[in-house]
Amino acid sequence: MKVKKIVYDGLVKTLESPAQVVPRGYVIGKPLHVFIDGIENAVINGIYPIDKPIVLGSTGIIRVLEAPSADEGLSGKIAFVSPVSEKGLLSVNLDGLLSTYVIIPEEHIIGITNTVPRPLYALSCIASLSYRLALEAGPNPVIIGCGVSGIMTALHVLSDGGTPEIICVRRESLKYARSVGLLPNQSFGNLKNEYSSIVYTSYAPWILRNLLRQGVSKLVVSPLINKASIILIPSINRVEIVMPMPSRIEYKKSVIEKIRRLLGFVELNNIVDVLGLVPPPKLGVVISFTRS
């Protein structure tokens with residue numbers, strides 16, 4: 001059996017290869033809804049250097065076909081696939097979900113159900129990560145990054161009565177943050193002097209460096225960030241660094257519903273048709289495979 005994949009090796013392209021043996025502790029499945037956003041952009045823009053062709057598609061929902069050496073109870077279930085686990089980052093360290101068949105570590109499955117959720121809920125794992133970031137952030141954090149995870153982190157803080165500040169690294173992201181009721185900044189010059197923490201969700205070491213100079217005591221780092229981007233920043237060793245991992249599906253439903261207007265939604269029959277959607281439109285796109 002041949003497997004078609006959407007890979008990046010300096011160019012985004014299709015690759016066809018023989019089916020693999022499923023390693024111990026992994027599951028094989030069919031993608032149902034796949035979300036592509038900032039991770040794919042970071043790979044294409046060289047923020048995450050790669051040394052081999054990597055299958056894109058870092059999070060979403062799959063139907064588990066077999067779990068031969070993992071949890072047998074997963075077979076036949078609909079599974080929520082996290083972009084990150086202790087094993088690594090899908091689409092960066094490990095192959096992602098844009099493939100006719102996917103093989104992923106069991107650790108990347110953080111929720112199961114018996115019915116196929118709406119396409120929007122391909123964001124469930126990112127929403128769960130954002131919820132964890134918000135819990136660690138405290139009531140008045142400054143959030144770096146107006147991608148999907150940064151905006152959802154701010155919305156989770158707001159829903160708990162907090163007052164987040166958010167800095168958009170890219171000018172075009174300002175409109176997305178404003179459209180969901182946030183008041184974004186493009187620099188750190190207008191921020192208040194005291195905040196509970198810095199939440200780092202987007203690659204912007206120059207902004208992080210300047211904020212750390214103001215004496216913040218806690219840095220909450222998204223596990224989707226390239227860790228190497230913060231190691232050499234001055235003052236990084238003077239703060240408490242927290243990097244929470246999503247371990248289950250847990251978020252405020254109002255947050256994920258509010259962000260749907262910022263996304264694209266596409267139904268496809270063939271994996272090859274994904275090529276025109278990378279890099280994704282808007283803040284990201286959910287691709288649903290109607291024949292899966």
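Seen from all directions on average, the chain presents a Cα convex hull projection of 14.3 nm². One decimal place: the segment Gln214-Glu172 gains 12.4 nm when fully extended, by the rule 0.36 nm per residue minus the C-alpha distance.
In a fully extended conformation the segment linking Val239 and Thr115 would gain 40.3 nm over its present Cα-Cα distance, using 0.36 nm per residue. Within the range 96-113, name every residue whose backbone N is under 19 Å away from a label modeled 7 Å from Cα of Asn270 along the Cβ vector. Only 98-101 fall inside the zone, counting backbone N under 19 Å. For the chain, Cys125 stand unpaired, since no other cysteine beta carbon lies under 4.7 Å from theirs. Once the C-beta distance of Ser179 and Leu135 is scaled by a Förster radius of 41 Å, the resulting FRET efficiency is 0.95 to the nearest 0.05.
For the range 126-242, the Kirkwood estimate of hydrodynamic radius, built from reciprocal distances between every pair of different alpha carbons, is 13.8 Å.
Remark on Val220: its backbone amide H falls under 5 Å from those of Ile198, Val199, Tyr200, Val242, a criterion applied only to residues 5 or more positions apart or on other chains, H modelled at 1.01 Å from N.
The lysines within cross-link reach of Lys2, meaning a Cα-to-Cα straight distance under 30 Å and a gap of 8 or more places when in the same chain, are Lys13, Lys30, Lys52, Lys77, Lys87. Using a simple spin-label model with pseudo-atoms 7 Å out from Cα toward Cβ, Thr163 and Asn93 lie 3.9 nm apart. Taking every C-alpha pair closer than 8 Å and separated by at least 6 residues, the mean separation divided by the residue count of the range 136-292 gives a relative contact order of 20 percent. Highest average first, the peptides 49-62, 88-101, 124-137 ordered by how many other beta carbon atoms sit within 10 Å of their residues are 124-137, 88-101, 49-62. Projected onto its three principal axes, the C-alpha set of the range 108-173 covers 39, 27, 20 Å, listed from the longest axis down.
Taking the alpha-carbon distance from Lys253 and a cut-off under 14 Å, which aspartates and glutamates remain once sequence neighbours fewer than 8 residues away in the same chain are dropped? Qualifying aspartates and glutamates at Cα under 14 Å: Asp160. Summary of packing: across the peptides 156-162, 281-287, the per-residue average of other C-beta atoms within 10 Å ranks them, highest first, as 281-287, 156-162. Helix content alone sets the calculated 222 nm mean residue ellipticity of the chain: runs of n ≥ 4 DSSP H residues at -39500 (n - 2.57) each, divided across all residues, give -5500 deg cm²/dmol. Once both labels are positioned 7 Å from their Cα atoms along Cα-to-Cβ, the gap between Asn226 and Lys4 label points is 3.1 nm.
Overall shape of the range 58-196 was characterised from the C-alpha gyration tensor. The equivalent ellipsoid obtained from it has semi-axes of 34, 15, 14 Å, in decreasing order.
Each reported figure results from applying straightforward, stated rules to the coordinates on display, with no laboratory input. All values derive from a computational prediction rather than experimental measurement. With ideal geometry, Cβ positions are generated from the backbone for all residues, glycine too; neighbour counts draw on all protein chains shown.
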